[in-house]
1. Does the range 102-115 include one or more residues that are closer than 19 Å to ASP3 by Cα and polar (S, T, N, Q)?
2. Counting only residues that are over 14 Å from LEU50 (Cβ atoms) and not in a strand (DSSP E or B), which one in the range 4-21 is farthest from the chain's Cα centre (by Cα)?
3. Restricting the first residue to the range 84-98 and requiring it to be acidic (Asp, Glu), which pairs with a second residue that is surrounded by fewer than 18 Cβ atoms within 10 Å (Cβ to Cβ) meet a Cβ separation below 8 Å and a spacing of at least six or different chains?
4. Please find, within the range 110-125, the residue that is farthest from GLU19 (Cα to Cα) out of those that are assigned to a loop (DSSP other than H, G, I, E, B) and without any contact (Cβ under 8 Å) to a residue 40 or more places away in the chain.
5. Looking only at residues in the range 8-28 that are of a type in the set (Val, Ile, Thr) and within 14 Å of LEU122 (Cα to Cα), which one is surrounded by the most Cβ atoms within 10 Å (Cβ to Cβ)?
6. Is it true that VAL55 is at negative phi, in contact (Cβ under 8 Å) with a residue 60 or more places away in the chain and within 14 Å of the chain's Cα centre (by Cα)?
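FYI, it's all coordinate maths here, none of it is from the lab. Only a predicted model underlies this, so the values are computations on that prediction, with no experimental measurement involved. With ideal geometry, Cβ positions are generated from the backbone for all residues, glycine too; neighbour counts draw on all protein chains shown.
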Amino acid sequence: MTDLNALKYTEEHEWLHVEGTTATIGITDYAADKLGDVVFVELPQVGLDLTPGAVIGEIESTKSVGELYAPVVGRVIEVNDAVVDDPSLVNAEPFEGGWLIKVSIAEGGTDALLDRDAYVTLTEG
């Protein structure tokens with residue numbers, strides 16, 4: 001299991017696991033629960049340059065359609081094809097096999113994001 005305290009979070013319920021200049025990005029268990037059963041995931045293309053706040057994909061569930069937002073400046077270097085093929089991974093393993101994309105980021109590019117405590121406070125409010 002991923003150490004949830006080591007992750008960074010966005011107000012749009014995305015998480016980032018940063019290793020050097022690579023960030024793995026997914027949606028949180030809170031978001032997955034609110035969405036309900038995920039049935040479709042559309043991810044950006046490898047090579048896409050990201051601008052924070054820009055729509056980069058879509059997640060559809062039995063309840064609603066949600067947009068994915070770029071949380072940082074960077075470039076998409078990998079997409080999780082397993083999630084495209086089996087969207088239920090987003091619900092079953094939001095912090096493990098249900099990750100969405102990997103992004104090359106600048107050092108310090110996640111400084112403005114939330115830590116675990118701030119994210120928990122956000123979701124309880």
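1. The answer is yes, given that some residue of the range 102-115 is closer than 19 Å to ASP3 by Cα and polar (S, T, N, Q).
2. Initially, the range 4-21 is screened for residues over 14 Å from LEU50 (Cβ atoms), giving 4-9, 11, 13, 15, 17-20.
From the residues that got through so far, the ones that are not in a strand (DSSP E or B) too are 4-7, 11, 13, 20.
Details: LEU4: 13, ASN5: 15, ALA6: 15, LEU7: 11, GLU11: 11, HIS13: 7, GLY20: 18 Å.
Within the range 4-21, the match that is farthest from the chain's Cα centre (by Cα) is GLY20.
3. GLU96/MET1; GLU96/THR2
4. Narrowing the range 110-125 to residues assigned to a loop (DSSP other than H, G, I, E, B): 110-113, 115, 125.
Those still in the list that are without any contact (Cβ under 8 Å) to a residue 40 or more places away in the chain too: 111-112, 125.
Values: ASP111: 14, ALA112: 17, GLY125: 30 Å.
Within the range 110-125, the match that is farthest from GLU19 (Cα to Cα) is GLY125.
5. THR10
6. The answer is no for VAL55.
Residue-by-condition table, conditions (1) exposed (fewer than 12 other Cβ atoms within 10 Å of the Cβ); (2) among the aliphatic types (A, V, I, L, M):
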position	(1), (2)
LEU50	no, yes
VAL72	no, yes
GLU96	yes, no
ASP115	no, no
GLY125	yes, no
